[in-house]
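Since the structure comes first, as structure tokens, the remarks are kept for the end.
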Number of protein chains: 2
Amino acid sequence: MKPVKSRKDIVVLDTSLFVNPDVRNDFGSSPTEAVKGFVAIAERIPALEFYMPSSIFRELMNFVDQRKIPGSFLSIVHQKSPSKHELTCPAFLLYELIEDIRDRINKGLRIAEKAVRNAGKVDEREVIQGVRKSYREALREGIIDSKEDVDLIRLAKELNALLVTVDHGAIAWAEKLGVRWLLPEKFRDYLMSFIEAENKGRKAAPKKQGISK
Amino acid sequence: MKPVKSRKDIVVLDTSLFVNPDVRNDFGSSPTEAVKGFVAIAERIPALEFYMPSSIFRELMNFVDQRKIPGSFLSIVHQKSPSKHELTCPAFLLYELIEDIRDRINKGLRIAEKAVRNAGKVDEREVIQGVRKSYREALREGIIDSKEDVDLIRLAKELNALLVTVDHGAIAWAEKLGVRWLLPEKFRDYLMSFIEAENKGRKAAPKKQGISK
């Protein structure tokens, strides 16, 4: 017998959703408020199940006031590590990661060299700020750079879930692995569409007979 | 029926063995000479089988005068890609690699910042040489940084072979994966021990009766 539960769509959430100011403001003005705002919406959507890798959950707990997080957050968002954590991953990811990093490391050195050449000409502080920005862009952006990110994608893959994250590196890997993903700035609209659809359903039902002219 | 061949020990070779001057001098004064020198020894050792991943073989061909490579090199050193090339790898490698790179990237930025601060004080060329050296040490040494290196280790693992390489990154991964490896500066001695053992065997055989007092 298949449980009804198995018809639900699954959504895997990243910390960034509640922490990154560009996105979390859709749910609340601080990480803690964003979690509360999310809970208030999510508990009205029985059609969706929410998951977070345990590592990501721990990360999130560092950003919020844990005493203010409603207990229902724990029942709405399931914590689960990808179950194949210790086993295997597609080898092509390893190959691509290594090639990607190699290029980025070369870029990083060119940035450092350029900064040294500019150091005499411009204000030192300005040069250092510039080198930090360019270096981070070259070596960090659009690349998976933490174990938590790997957990995130592997869990989404395992659960055949929709991944919601701000991280471009995670999105790039979701694409490689055929994991569905959603622009986080559309996440609130996505959730609200379930609530609206249900409300319409309720209103529409009694009207059924009055639709035809 | 098991072929006699299966009793042979297998050795997987890296390009570095013929290219890195610290090591190749054991076999010859140039990459081409080193290949010839290796062939001259290896063809006297029927107890060993030699392999090279195809990608590593192609890499080596860029360093040698291909017209001068003896045909027997191709029969002595088998080219073979790891057969699980497109499939899976242990996930822990991915996790460890990502964490390792993360630390190294942070170090790289600190090196760049320090260089900018020194730029005014010391000769610019000197600073740039210094930054190149420190950056390479921090971001490259002891880390797998090419697809060829991954091929090398996976082939050695697949064939349960002895890995011979100068690359510290490859050695580190060999350790993680339980692949046997040999210090390359001992490789010639290793090969010669097979030849010496056989010579001793031949000499010892007729003496057999004269050993006891």
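Assorted remarks:
- Fewest-first ordering of A:VAL64, B:VAL127 by other beta carbons within 10 Å of each residue's beta carbon gives A:VAL64, B:VAL127.
- Under 12 Å of direct C-alpha separation, and excluding same-chain neighbours fewer than eight residues apart, A:LYS157 reaches these aspartates and glutamates: A:GLU175.
- Computed 3J(HN,Hα) for the range B:52-67, one whole-Hz value per residue from the Karplus formula 6.51 cos²θ - 1.76 cosθ + 1.60 where θ = phi - 60°, is 9, x, 4, 5, 5, 4, 4, 4, 4, 4, 6, 9, 10, 7, 4, 5, glycine and proline marked x.
- Degrees between helix A:147-158 axis and first principal axis of chain A (Cα, 0 to 90, nearest 10): 40
- If only the Cβ of Lys and Arg carry +1 and only the Cβ of Asp and Glu carry -1, the dipole of chain B around its Cα centre is close to 900 debye.
- Amide H contacts of B:PHE50 (H built 1.01 Å from N, under 5 Å, at least 5 apart or other chain): B:VAL11, B:HIS78
- Cross-link partners of B:LYS36 among aspartates and glutamates (Cα-Cα below 12 Å; sequence separation of 8 or more within a chain): B:ASP26, B:ASP65
- Relative protection proxy for A:71-80, B:157-166, A:102-111, from highest mean packing down: B:157-166, A:102-111, A:71-80 (other beta-carbon atoms within 10 angstrom).
- Debye intensity ratio in log₁₀ form over the Cα atoms of the range A:59-167, taken at each q of 0.11, 0.14, 0.15 Å⁻¹: -0.59, -0.81, -0.86
- Normalised alpha carbon radius of gyration of chain A [divisor 2.2 N^0.38 Å]: 1.28
- Which listed pairs, of B:LYS68/B:LYS203; A:LYS133/B:LYS107; A:LYS8/A:LYS200; A:LYS80/B:LYS176; A:LYS80/B:LYS107; A:LYS107/A:LYS186, have C-alpha distances above 24 Å, in listed order: B:LYS68/B:LYS203; A:LYS80/B:LYS176; A:LYS80/B:LYS107; A:LYS107/A:LYS186
- Cα-centred dipole magnitude for the range B:88-203, charges only on beta-carbon of K, R (+1) and D, E (-1), debye, nearest 20: 220
- Compactness ratio for the range B:16-74: Cα radius of gyration over 2.2 N^0.38 Å (N = residue count) comes to 1.05.
- Angle between chain B longest axis and helix B:91-119 axis [Cα atoms, degrees, rounded to 10]: 50
- Loop sites in the range B:74-109: GluC sites (Glu not before Pro), DSSP, at most 15 other Cβ within 10 Å: B:GLU86
- Calculated P(r) of the range A:91-139 - Cα pairs past 13 Å, %: 59
- The GNM of chain B, with springs linking C-alpha atoms under 10 angstrom apart, assigns the highest mean-square fluctuation among B:ASP149, B:ASP123, B:ASP167 to B:ASP123.
- Close amide-amide hydrogen proximity is noted between B:LEU163 and B:VAL12, B:ARG180, B:TRP181, B:LEU182, each under 5 Å apart and 5 or more residues distant or on a separate chain (H modeled in the peptide plane; Pro and chain starts excluded).
- DSSP-assigned coil residues among GluC sites (Glu not before Pro) in the range B:18-57, each with at most 14 further Cβ atoms within 10 Å: B:GLU43
- Put simply, the C-alpha atoms of the protein assembly as shown give a gyration tensor, and the ellipsoid matching it has half-axes of 55, 32, 17 Å, longest first.
Only the coordinates and a few stated rules stand behind these numbers; no lab work does. Keep in mind that this is a model prediction, so the values were computed, not measured. Cβ sites come from the backbone with ideal geometry, for glycine too, and all protein chains shown count toward neighbours.
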